[in-house]
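To start, the structure under review is shown below, and the notes come after it.
The values are calculated or read from the model by the stated rules, or taken from the named source; none is laboratory data. Since the structure is predicted, the reported quantities are computational estimates derived from the model, not experimental observations. Cβ atoms come from the backbone with ideal geometry, glycine included; neighbour counts cover every protein chain shown. Quick note on the areas: whole protein, heavy atoms, side chains included, nothing else; ligands and nucleic acids left out. Shrake-Rupley method; radii C 1.70, N 1.55, O 1.52, S 1.80 Å.
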Amino acid sequence: MKKTLSILAPLAVVGVVIGFTFAMTAPIDAYQGIFQKTMYVHVPSAWLAYISFAVTLIASIGYLAKKDLRWDRIAASSAEMGVFFTGLALMTGMIWGRPVWGTFWDWGDARLVLTALMFIVYLGYLALRRSIAEPTTRARRSAVFGIVAFVQIPLVHFSVSWWRTLHQQATVLRPETLTGAADAPIDPLMLRALMVNLLAFTLVYATFMVARVWIAKLEDEREERHALENIEIAGAAISAPDFDGGFDD
Amino acid sequence: MTAAEFWRQVFEIARKDLKVEGRAGEVLSITVPFGAVALLLLPMAIGTEKTMLAKIGPGMFFGVTLLFGMLVAFRQSASDTQAQRELLTLLGIDPAATFVGRSFASALLLLVFEVILAPLTVILYNPPLVDGWPWMLLIILLVALGLAFVGTLAGAVTAGVRTRSTLAPLLVAPLSVPLLISSSQVYEGLRLGRSIIPWIVLLLAMNLALAVVGVATAKPLEETSR
């Protein structure tokens, strides 16, 4: 893992620097001005949140199928990353919303409200993990909840299509954008900057995932060692009789 | 195990849970009055303007159902002891049958909760009677079933956990939101003459997904509760 980290970490740093450069040099939006730049953090954060929770789902299924704690460590680490990225997406969304929508928070916006709920669901997942000390019980129950929690993700994703509210509809995954048509809803230079930032964020996710899984493995090993050190040895309570003055021959 | 044996176990588990409820009478004597109090208190907090109350009435009903229905859904798993769970295992009860039986019993109790509170909502909030209102009967049933599935799952996930009483609602409340949204949107759809089919499909899909996950994960969850 050390070797993987030593490759991934510098790549992530370089990716972020390049992503920042592309974001700053991309054209400024005619209507939203400089505030549109938050898109280069907001959109990759939201996508990475989905990816993180999808990884949690797959790893949870993997754990239930294989009963291997490695899957549990991946599920837990990815959920933590997902919560971080969801929080970041919410924060940047609100920072952008104030000047553009005129409000930090809009109850009528389905995407915003459902994303906040998704954030709470996975906070619940992390709270559940903290509440159970025994590793196998924790892993199994978290795996079940990791699967149940994913049920609402399609609702969050498709909310912009199902409800016509403030949040704009999908931009990148639209046929016009994918085919590079003239009426695409995003400028090609902005799209390029967004894709570079998505790649940079993915590298950041991968780096933190490898590091977090490694830390989780070390934590598990420490817990195991601790449990072995404190284990009671059979017969430990029995001590040799102590006769004052010793035995008389 | 044959399908007939499985459903017999489901029936017996549901019967047992309903018998326990019959003796304790917790839902009828505590949870329903508690829900009614919530319906009475809310207008005092947000204002008593009649048009507004008529508009928000159905949403309040489903909100109260979800929040107080959680108490109904957790009730059975909260009263379970380790010995009772072990006895079910020793009797060879399929964990999936336990999950389905428990969910059905909870759904029935939730249905009772809803059937009592629905007329009370109509009396207190006076929402307009919409064309096609019988659809709401189906929605009430699907909400009860969905909430029962989520509650039973959360009850199993948090069984024996020290922080159970606070953790379980935290897990269930956000997961029940699709039920709340769909049920409210069906009423709105009927009121405004819009299509309600997508929302019914969403409710059905949610119920199906929860039932499949619950049945598939019943065995590993049961193993952790021993």
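Only residues that are within 15 Å of the chain's Cα centre (by Cα), within 10 Å of chain A (Cβ to nearest Cβ) and surrounded by 20 or more Cβ atoms within 10 Å (Cβ to Cβ) were counted across the stretch B:177-191, and they come to 3.
Against the list (1) closer than 30 Å to residue A:141 by Cβ; (2) open to solvent by 10 Å² or more (accessible area, probe 1.4 Å); (3) at the interface with another protein chain (Cβ under 9 Å from one of its Cβ atoms), the condition residue B:150 fails is (2).
For the stretch B:27-143, give me every one of the helices (runs of 4 or more DSSP H) that falls completely inside it and has 3 or more residues that are closer than 19 Å to residue B:181 by Cβ.
Helices (runs of 4 or more DSSP H) meeting the threshold: B:50-79, B:95-125.
Scanning the stretch B:154-166 for residues that are in a helix (DSSP H, G or I) and open to solvent by less than 10 Å² (accessible area, probe 1.4 Å) gives B:154, B:155, B:157. Of all residues in the stretch A:115-135, those satisfying the criterion of being open to solvent by 10 Å² or more (accessible area, probe 1.4 Å) and more than 7 Å from every other protein chain (Cβ to nearest Cβ) are A:115, A:116, A:119, A:123, A:126, A:129, A:130, A:133, A:134, A:135. Kindly establish whether residue A:26 is among the small types (Gly, Ala, Ser), touching a residue at least 60 places away in the same chain (Cβ under 8 Å) and surrounded by fewer than 21 Cβ atoms within 10 Å (Cβ to Cβ). In short, no.
Any residue that is over 30 Å from residue A:60 (Cα atoms) and more than 16 Å from the chain's Cα centre (by Cα) - is there at least one of those in the stretch B:197-213? Yes, there is a match, as at least one residue in the stretch B:197-213 is over 30 Å from residue A:60 (Cα atoms) and more than 16 Å from the chain's Cα centre (by Cα). Would you confirm whether any residue within the stretch B:128-141 is touching a helix residue (DSSP H, G or I) at 6+ places or on another chain (Cβ under 6 Å), farther than 22 Å from residue B:192 by Cα and modelled with pLDDT of 90 or more? No, because not a single residue in the stretch B:128-141 is touching a helix residue (DSSP H, G or I) at 6+ places or on another chain (Cβ under 6 Å), farther than 22 Å from residue B:192 by Cα and modelled with pLDDT of 90 or more. If the condition is being open to solvent by 10 Å² or more (accessible area, probe 1.4 Å), in contact (Cβ under 8 Å) with a residue 60 or more places away in the chain and at the interface with another protein chain (Cβ under 8 Å from one of its Cβ atoms), then the stretch B:192-215 contributes B:206, B:213. On inspection, residue B:68 does not qualify as under 19 Å from the mean Cα position of the chain (by Cα) and open to solvent by 70 Å² or more (accessible area, probe 1.4 Å).
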